[in-house]
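Structure in structure tokens, see below.
The values are calculated or read from the model by the stated rules, or taken from the named source; none is laboratory data. A quick note: this is a predicted structure, and the numbers were derived from the prediction, not measured. We place every Cβ from the backbone using ideal geometry, glycine too, and count neighbours over all the protein chains shown. Heads up: the accessible areas ignore ligands, DNA and RNA and are worked out on the full protein's heavy atoms, side chains in. Shrake-Rupley method; radii C 1.70, N 1.55, O 1.52, S 1.80 Å.
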Amino acid sequence: MESDPTTSEPEAAIGSVSPPAEQADPATPGDLAAAVAKGLASPVRSVMASPRPVKGKAARRRLQLPPVSQAEAGDEEPVFAVAEDQEEAQPLPPLCASPMRGMWRSEKVALYCDQVLQGSKAEDADEAMSKYLSEKLRLKDKWLGVWKSNPELFFEKYEEASIPFVGILVEVTCKPRQNLSSCFKVTVSVAEPFSSNIANIPRDLVDEVLEELEYSAPLLEVYPVEGQDADVQDIALALEVVRFFYDFLWRDWDDEEICENYTALIEERINLWCDIQDGTIPGPIAQRFKKTLEKYKNKRVELIEYQSNIKEDPSAAEAVECWKKYYEIVMLCGLLKMWEDLRLRVHGPFFPRILRRRKGKRDFGKTITHIVAKVMTTDMVKNLSSDTLLQQHDDLNLALDNCYSGDVVVIFPGEYQAANLALLTDDITIQGVGKREEIMITSEPSHDSFVVSKADNVKLMQLSLIQQGTVDGIVVVESGHLTLENCLLKCEGTGVCVLTGASLTITDSEITGAQGAGVELYPGSIAILEGNEIHHCNNLRTSDSSKSTLGGVNMKVLPAPKLKMTNNHIYNNNGYGVSILQPSEQFFIVAEAALNKGAASGDKKDDKILSKVMQTLNVEMNNNRIEANLKGDIRIVTG
């Protein structure tokens with residue numbers, strides 16, 4: 001089962017996003033700058049979560065009263081001064097259990113695409129959400145819920161971490177609305193017994209705030225509580241569906257761009273969320289996406305607030321500042337769009353790709369052997385020819401920085417780190433001396449990538465690569481050819497990744513611990529695997545790893561990669577030993593019904609299908625032991 005997708009706070013009521021006033025195209029750059037400064041010419045619209053204005057002198061006096069004392073260390077709730085005759089709030093009752101918790105990916109897609117949006121275009125999404133929620137609200141006109149309000153309504157000074165919201169138990173009254181496009185507002189009143197997540201919050205303060213708000217609150221800020229009838233459960237589900245849509249599936253640019261199939265885009269975003277939740281996208285990468293999305297939203301708020309504070313005639317400095325903020329938003333928007341493209345999901349905006357140019361050969365045409373050791377002795381070089389040019393380094397990073405094409409880096413036992421392993425653009429050989437377990441190269445947790453190659457021919461021999469903290473593949477072949485020979489790869493993020501057009505040869509090596517597959521082959525890649533051990537991969541941090549099919553080797557097709565596997569031992573992986581991921585359309589010339597069932601070794605009928613698919617894929621497998629994998633040996637996964 002997938003974990004609860006509705007972990008973030010609601011951002012806005014439905015329909016609260018409104019475009020800026022329409023304006024004729026500015027005639028000059030100066031006019032355009034002024035228009036942007038006024039918020040008229042950029043695509044950044046009114047913010048979804050604009051702070052609710054506080055009205056009246058009483059409110060201003062109230063907001064100037066800071067909490068008298070913060071919670072003691074270890075207290076669960078902050079404590080505020082309360083008059084002796086003031087009633088203390090009771091604990092809040094439990095909320096309705098998350099109705100979407102446990103929904104499968106396909107069920108979420110069917111819910112949003114088939115039931116709620118029903119083929120709607122992006123510009124009609126607000127109306128579709130409003131219609132869906134309105135139908136559910138007709139089931140029950142009164143119910144109990146917890147209003148999670150902005151602490152700024154109550155306190156001027158507070159710590160966000162200690163008070164993420166002020167929760168009040170309220171009775172909700174839903175009134176029919178004529179216009180679906182307007183904001184959902186509901187009538188709320190304090191329910192008995194008076195209950196809050198802040199035990200000492202003054203009740204008269206709550207009453208004053210509600211009075212100033214005319215006893216009205218955005219519906220999406222109210223969460224139904226347990227113990228009510230089935231109709232309220234249906235309302236709770238509808239609210240969660242709408243919150244999740246605006247929190248995660250909706251983008252502010254959706255109704256400003258042409259999208260032929262909006263529901264297909266929503267399906268992509270649901271898949272992205274599920275990939276994050278079930279661990280297919282490793283945790284550190286998922287955190288980066290969440291931070292990017294949050295940063296985008298915050299920057300929009302920042303720009304809109306900046307625009308709203310500009311006078312009639314903005315200065316040149318104000319216009320420039322608006323442009324700077326706007327282009328930062330555009331950049332973040334572009335990154336988020338790349339995230340939503342499945343082809344770029346793993347190797348798109350997450351990491352800085354290699355930008356360094358190849359050095360090529362040295363001017364004088366000679367190659368150098370770089371000795372990496374704390375101290376060099378004559379015994380270390382006794383097997384080298386007398387005309388070998390040598391350089392000694394006690395730092396692997398310096399050795400790589402001084403390499404040209406054709407150079408050899410010889411590493412003696414010890415533990416090393418080198419950021420330049422992520423910038424391999426020249427044809428070099430990196431070779432350990434001694435047992436591979438004695439030459440340990442660890443990644444730097446502060447870096448995204450560990451080993452990334454873009455050279456025509458790079459060789460890594462007799463090394464242990466130990467991934468610590470980096471989230472990219474332990475080895476990524478962007479282009480060209482990489483050889484791993486007698487290496488030990490202890491993964492922490494994803495495994496060895498071979499991108500489109502690149503090729504890889506791995507011999508006599510061991511790959512273990514990857515969060516995804518041990519070896520990932522992208523469409524149009526080439527790999528030769530001989531005499532390797534690939535085990536204990538698909539080490540996903542998820543409560544239900546049995547859903548994932550990744551394991552030892554994973555192939556993504558269209559165009560198909562080429563794979564030759566000989567004498568490999570693929571075992572004890574949490575998914576399948578070998579998984580072949582094909583697109584949703586039928587790419588192989590195989591019966592559709594049979595393919596949809598998947599093919600696993602051990603079934604004679606499926607063996608024929610599998611053999612036919614592998615023939616189409618140019619997959620050659622000889623004398624491999626594929627055993628004891630959690631889900632099975634070989635699997636064809638239909639997208």
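Cβ under 13 Å from HIS393's Cβ, HIS393 left aside: what net charge do those residues give with Lys, Arg +1 and Asp, Glu -1?
That works out to -3.
I'd like to check one number: the per residue accessible area of segment 199-246, probe 1.4 Å, reported in Å² as a whole number. Kindly include the intermediate steps, with their values, before the conclusion.
Numbers: 1560 Å² over 48 residues.
For segment 199-246, the solvent-accessible area averages 33 Å² per residue.
Order LEU521, LEU423 by their accessible area, 1.4 angstrom probe, all chains in place, largest first.
LEU423, LEU521
Please list LYS121, LYS374, LYS140 in order of solvent-accessible area, largest first, computed with a 1.4 Å probe with all protein chains present.
Solvent-accessible surface, decreasing: LYS374, LYS121, LYS140.
If you count only protein heavy atoms and use a 1.4 Å probe, how large is the accessible surface of GLU415, to the nearest 10 Å²?
GLU415 exposes around 120 Å² with every protein chain in place.
Further question: Note down the accessible area of LYS366, probe 1.4 Å, to the nearest 10 Å².
The accessible area comes out at roughly 120 Å².
If you don't mind, there's one more thing I want to ask. How large is the accessible surface per residue of segment 420-472, computed with a 1.4 Å probe and reported in Å² as a whole number?
Numbers: 1770 Å² over 53 residues.
Per-residue value: 33 Å².
Related question: For the ranges 210-221, 570-581, what's the packing order if you count other beta-carbon atoms within 10 Å of each residue, average per peptide, and put the highest first?
Highest-to-lowest ranking by the protection proxy: 570-581, 210-221.
Could you work out what % of the accessible surface of segment 403-515 is carbon and sulfur, using a 1.4 angstrom probe and leaving DNA, RNA and ligands out of the count?
47
Within segment 206-261, what whole-number % of the accessible surface is contributed by carbon and sulfur, with the 1.4 Å probe and all protein chains included in the calculation?
Carbon and sulfur atoms account for 45 percent of the accessible area of segment 206-261.
Still on this structure, please answer the following. Find how much the distance from GLU415 to GLU257 grows on full extension, using 0.36 nm per residue of separation minus their present alpha carbon separation; answer in nm with one decimal.
The span from GLU415 to GLU257 would gain 51.7 nm if fully extended.
Something else now. Set the bar at 27 Å for Cα to Cα. Now go through LYS435/LYS459; LYS291/LYS311; LYS490/LYS562; LYS459/LYS556 and name every pair that lies beyond it.
Result: LYS291/LYS311 exceed 27 Å.
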